[in-house]
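Working notes, structure below.
The values are calculated or read from the model by the stated rules, or taken from the named source; none is laboratory data. Being a predicted model, the structure only gives us computed values, none of them experimental. In this analysis, Cβ positions are derived from the backbone assuming ideal geometry, glycine residues included, and neighbour counts consider all displayed protein chains. Side chains included, ligands, DNA and RNA excluded: accessible areas come from the protein's heavy atoms. Shrake-Rupley method; radii C 1.70, N 1.55, O 1.52, S 1.80 Å.
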Amino acid sequence: MKKNNAIDMTHGALAGKILLFALPLMATNLAQLLFNAADVVVVGRFAGHASLAAVSSTSCVIFLFVNLLIGISVGVNVVIARYIGLGGHEQEISRALHTAVTVAIAGGMIFAVTSLFAIRPMLVFMSTPEDVLQLAEVYLKIYFLGTPFTMLYNYGTAALRAKGDTRNPLFFMLVSGMVNIVLNLIFVILMKMDVVGVGIATVISQVVSGVMTMVCLMRSEDEVHFEWKKLCMDWESFAAMARIGIPAGVQACLFSLSNVVIQGAINSYGSVIIAGVGAAESIEGFLYTSMNSFHQACQTFVSQNLGAKAYNRVNRIVRTCLLYTLLLGIVQSVAVCIFSRPLIGIYNTAPDVIVAGSVRLWHVALVYVIFGLADVLVGAIRGCGIPIIPMIINLLGTCALRLVWVSMLDTSKVGVEIVYLSYPVTWAVILVATAAFWLYLRHKGFDTLKMI
């Protein structure tokens, strides 16, 4: 079978192949964030800081709602990669792929409808200011209409990454992102549609990326070939994907839940702080997604090599991904902090907003590499087919610890900097815990792990 853009992950030198996998994925993630940042920049520049706060403060709500469904894409990636590593399992791969698309469509449609009823209560729970609440609610209601297509993109590209194809997803993201930017300029600047225009542009770009992903799978001539007539719900495949994906989704939801609580604390400091933090979080997203490419590389390479029983390569995969993450994390964090004010100024020119965003970057972005290293180890553990332990670590280290941290603060008496400190403290706890469990797995032996 023709292996379009595939990478042989189970033979040969690792360093170059990991970069060949990770760099297009990094470019995809950065492009996605760049296009998402265009929403924030256009609104911040042409609609005022209240609209900027409305759009930027909704990211944690979006992640909270969609992460459970997107989490299953982790299971899609791990299961298909493991079958590819095992070899001779084309039928199992086909059933897993067609089941994943079925779940993406059905789950996305159900979610798009049911999430609408929870939007306003969640925004109220987060203490969203009155001058932001209505705008944020409108934006989210429009945004969630594109959920089915977001799921198709995520599930489809998870299957492509399982065979090592990270270049096609990059192309899809570039095209859909350009559509998003052009429509932003038309709807917000020319037509004065404010957050409504941003929401509509985002939904249309989601449709574009989802459709392009499905067309690619339909044209594929290898094991990830898709046909609509083969749509099915294979419960064995779903169980295997859900076993990995649901804990990953729950972990992401817990992470987002803690961020919702923190956002609630930040909201109490007013719309200027919210706007500055929103801009800073957009910049921090670039730090996270660039390092996250090595998380996904580690997860996929480990899964394929365990499937091929190439146990001697697993430790080298993890070490290589950790080294790349460490070097990248240090360089980009230092650069972001040095140029913090000009970077925040791209989003909003108000001096108070620039100061607020810069303070956030110096407290959070400077030490983001800690989270990047922990994320790589989480990818390695998931690649081994172990989803529960990372979820528990994040439950205790991120969710519980941050909730306790915020509950002990009186935001009327302490500066917002104390809220920011919850990030590096919890990241350090997660890194120590994941490193300890990874060392345990190494000592136990990879040949004892269940393959699927």
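Tally up the carbon and sulfur contribution to the accessible surface of the range 241-390 as a whole percent, 1.4 Å probe, everything protein left in place.
Here carbon and sulfur together make up 73 percent of the probe-accessible area.
Give the relative contact order (percent, whole number) for the range 322-452; include only Cα pairs under 8 Å separated by 6+ residues.
Details: 103 pairs, mean separation 39.0, N = 131.
Dividing the mean separation by the residue count of the range 322-452 yields 30 percent.
Can you give me the angle between helix 314-338 and the longest principal axis of the chain, using Cα atoms only, in degrees from 0 to 90, rounded to the nearest 10?
Helix 314-338 sits at roughly 20 degrees to that axis.
Testing the spin-label approximation: label points 7 Å from Cα along Cα→Cβ at residue 417 and residue 435. State their distance in nm.
2.7
Using alpha carbons only, how many degrees (0 to 90, rounded to 10) separate the axis of helix 271-307 from the longest principal axis of the chain?
Roughly 0 degrees between the two axes.
Longer than 22 Å from Cα to Cα, which of 230/309; 229/450; 163/230; 141/229; 17/444; 17/309 are they? Say none if no pair is. Numbers along the way, then the final one.
Working: 230/309 31 Å; 229/450 32 Å; 163/230 20 Å; 141/229 32 Å; 17/444 27 Å; 17/309 18 Å.
Cα-Cα > 22 Å for 230/309; 229/450; 141/229; 17/444; rest within.
As a test of the formula, what do you get for the chain when each DSSP H run with n ≥ 4 contributes -39,500 (n - 2.57) and the sum is divided by the residue count, at 222 nm and rounded to the nearest 500 deg cm²/dmol?
Helices in the chain give a 222 nm mean residue ellipticity of -26000 deg cm²/dmol.
Longest exposed-loop-site-free stretch of the chain, with trypsin sites (Lys or Arg not before Pro), DSSP loop and at most 11 other Cβ within 10 Å?
Answer - 193-412.
How about the range 217-296: which GluC sites (Glu not before Pro) there lie in a loop by DSSP and see at most 13 other Cβ atoms within 10 Å?
Hits after loop and neighbour filter: 221, 227.
Which values of log₁₀ I(q)/I(0), to two decimal places, follow from the Debye formula for the range 353-452 at q = 0.15, 0.18 Å⁻¹ with a uniform point scatterer at every Cα?
Evaluating at q = 0.15, 0.18 Å⁻¹ gives log10 I(q)/I(0) of -0.69, -0.87.
Using Cα atoms only, what is the angle between the long axis of helix 351-364 and the major principal axis of the chain, expressed in degrees (0 to 90) to the nearest 10?
So the inclination is approximately 40 degrees.
Å³ per residue of the Cα convex hull, for the range 109-167?
Measuring per residue, one finds 109 Å³ for the Cα hull of the range 109-167.
Using a probe radius of 1.4 Å on heavy atoms only, what accessible surface per residue do you get for the range 228-331? Whole Å² is fine.
Averaged over the residues of the range 228-331, the accessible area is 34 Å².
When all C-alpha to C-alpha distances in the range 216-291 are sorted into bins of 5 Å, what percent of pairs does each bin hold, rounded to whole numbers?
3, 11, 10, 14, 13, 11, 10, 10, 8, 6, 2
Over the range 132-248, consider all pairs of different Cα atoms and compute the Kirkwood hydrodynamic radius from their mean reciprocal separation; express it in Å, one decimal.
About 15.9 Å, per the Kirkwood formula over Cα pairs.
Determine the relative contact order of the chain: mean sequence separation of Cα pairs under 8 Å and six or more apart, normalised by residue count, in whole percent. Display every interim value, and only then the final one.
Values: 761 pairs, mean separation 110.3, N = 452.
It comes to 24 percent, rounded to a whole number.
According to a simple spin-label model (label point 7 Å from Cα along Cα-to-Cβ), what is the distance in nm between residue 175 and residue 228?
1.7
Under a point spin-label approximation (7 Å from Cα along Cα-to-Cβ), what is the residue 190-residue 404 distance to one decimal in nm?
5.5
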